Amino acid sequence: MSTPHLEARPGEIAETILLPGDPLRAKFIAEHYLTEVKQFNQIRNMLGFTGNYQGRRVSVMGTGMGMPSMGIYSHELITQYGVKNLIRIGTAGSYQENVRIKDIAIAQAASTNSSYGKQFGLEGDFAVVSDFRLLMKAVKAADELGLKYHVGNILSSDIYYHTDQDNWKKWQNLGVLCVEMEAYALLLNALNHGVAALVINTISDSLVTGEHLSSADREQSFTEMMRLALELV
């Protein structure tokens, strides 16, 4: 049952999984929020754990940075381990003045500058969207938790250090909320295999104002995102 990237045995991964980019964030969630925790993966130090949250079984695993890495892990989780609900919890840079540091951005859809979708040979660009059921649950939970959040289109980029430093403004003009590097691959894989996926990001920096979170602020803000994602389990 193991793959080149996952060593879990059948049944060790829950049908719902949270996917932070940082494997140490997966470890933090497992240690602080889950009970009866069992580690199922340590290949390439991409740590994965399964436990219980308020009596409901859930897994959490790092995915690394970028769409190639997310594409590999999400594909194997779906096709080899039967995962049905995949929720990315990551960070993003704001493109809009009203999307501020520490806010949460819930992706209704994701645009991209990646060629990841070209593998399907479509005569056009495929629009990827989050699962509507998970999206609505997330909005309801965010309201109940009193969180500052935004819902809309985000950008998944293959480029972190762009040679055109003003390129982001073209996306800003179209109302894109923020930029990150994994959502498009996750959502496309989920849609291709008929399972549910959602992307939730905490705004860690702003291209509009130049602000960025301190280490202490990151810990507090990410905790809010973790709580929100766990409410969807």
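Using only helices, what value at 222 nm comes out for the chain when you add -39,500 (n - 2.57) per DSSP H run of length 4 or more and divide by the total residues, to the nearest 500 deg cm²/dmol? The partial results should precede the final answer.
Numbers: 6 runs with 73 residues, N = 233.
So the calculated ellipticity at 222 nm is -10000 deg cm²/dmol.
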Tell me, what HN-Hα J-couplings in whole Hz come from the Karplus equation 6.51 cos²θ - 1.76 cosθ + 1.60 at θ = phi - 60° for each residue of segment 145-162, using x for Gly and Pro? 7, x, 8, 8, 9, 9, 10, x, 7, 10, 10, 9, 10, 7, 10, 8, 9, 7
Built amide H within the under 5 Å cut-off of Gly90, gap 5+: Ile200, Asn201, Thr202
Which ³J(HN,Hα) values in Hz, rounded to whole numbers, follow from the phi angles of segment 169-179 under the Karplus curve 6.51 cos²θ - 1.76 cosθ + 1.60, where θ = phi - 60° and Gly and Pro get x? 5, 5, 6, 4, 5, 8, x, 5, 6, 6, 10
From the P(r) of segment 16-230, can you give the percent of Cα pairs sitting at distances over 28 Å? 23 percent
Taking Cα centroids, how far is segment 106-154 from segment 1-57 in Å? 23 Å
Top positive-direction residue, dipole computed over segment 1-146 with Cβ charges, set Gly55, Pro4, Asn98: Gly55
Among Ser214, Ala197, Ala229, which residue has its Cα furthest toward the positive end of the charge dipole of segment 194-233, with +1 on Lys/Arg Cβ and -1 on Asp/Glu Cβ? Ala197
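About the Cα centre of segment 16-230, how large is the charge dipole given +1 on each Lys and Arg Cβ and -1 on each Asp and Glu Cβ? Please answer in debye to the nearest 20.
On the way: 19 positive and 21 negative charges, 133 e Å.
Computed charge dipole of segment 16-230: roughly 640 debye.
May I ask you to order 141-151, 72-82 by the average number of other C-beta atoms within 10 Å around their residues, highest value first? Walk me through the intermediate numbers first.
Working: 141-151: 15.2, 72-82: 20.2.
Result, highest mean first: 72-82, 141-151.
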Tell me the label-point distance for the pair Phe126, His193, using the 7 Å Cα-to-Cβ offset, in nm and rounded to one decimal. 1.4 nm
Along segment 61-77, Karplus-curve 3J(HN,Hα) (6.51, -1.76, 1.60; θ = phi - 60°) to the nearest Hz, with x for Gly and Pro, reads 8, x, 10, x, 10, x, 5, x, 5, 4, x, 5, 5, 5, 4, 5, 4
By count of other Cβ within 10 Å, fewest leading, how are Met181, Met46 ordered? Met46, Met181
Farthest positive-ward along the chain dipole, Cα basis, beta-carbon charges - from Val151, Ser114, Leu174: Val151
Estimated distance in nm for a label pair at His212 and Lys169, the labels positioned 7 Å out from Cα along Cα-to-Cβ: 2.2 nm
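Values quoted throughout were computed directly from the atomic coordinates according to the rules given, and no laboratory measurement underlies them. Just so it is clear, the model here is predicted, and its values are computed rather than measured. When we count neighbours, we look across all protein chains shown, and the Cβ atoms used for this are built from the backbone with ideal geometry, even at glycine.
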